[in-house]
1. Tell me, what is the FRET efficiency for T37 and K81 to the nearest 0.05, using R0 = 35 angstrom and their Cβ-Cβ distance as r?
2. Cut-off is 10 Å between beta-carbons; in what order do E33, E21 appear when sorted fewest neighbours first?
Amino acid sequence: MEYAQMNKAPSNVEEMPSSTEDTLRSVRETMDEYMATATERAREAAAYADRTVQQNPWTAVGVGFGVGMIFGALVALVAAKSQHSVLDHLR
């Protein structure tokens, strides 16, 4: 709802910004609001993650291990693929 209200087109000429400075000020205010919202959401997500890890430490270790294994396998596949293409170019 806020997004739709903030981004609606001006209904008449008086509502339009009168100068570049007004436009920049408006953009800055909008960006400050978005940054404040994003910062608050990030803090809430970090607090949730911290609580979850504190309550289930071994689950967190298992998930971290699994993600690390998948990431390692992907890196190994990419490295093997790029190594073959380099060898093919040298022949």
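Each value in this text was obtained by applying a stated rule to the coordinates, not by laboratory testing. Since the structure is predicted, the reported quantities are computational estimates derived from the model, not experimental observations. Because the Cβ atoms are built from the backbone with ideal geometry, glycine has one as well, and the counts that use them run over all protein chains shown.
1. So, using R0 = 35 Å, E works out to roughly 0.30.
2. Listing E33, E21 from fewest to most nearby Cβ atoms yields E21, E33.
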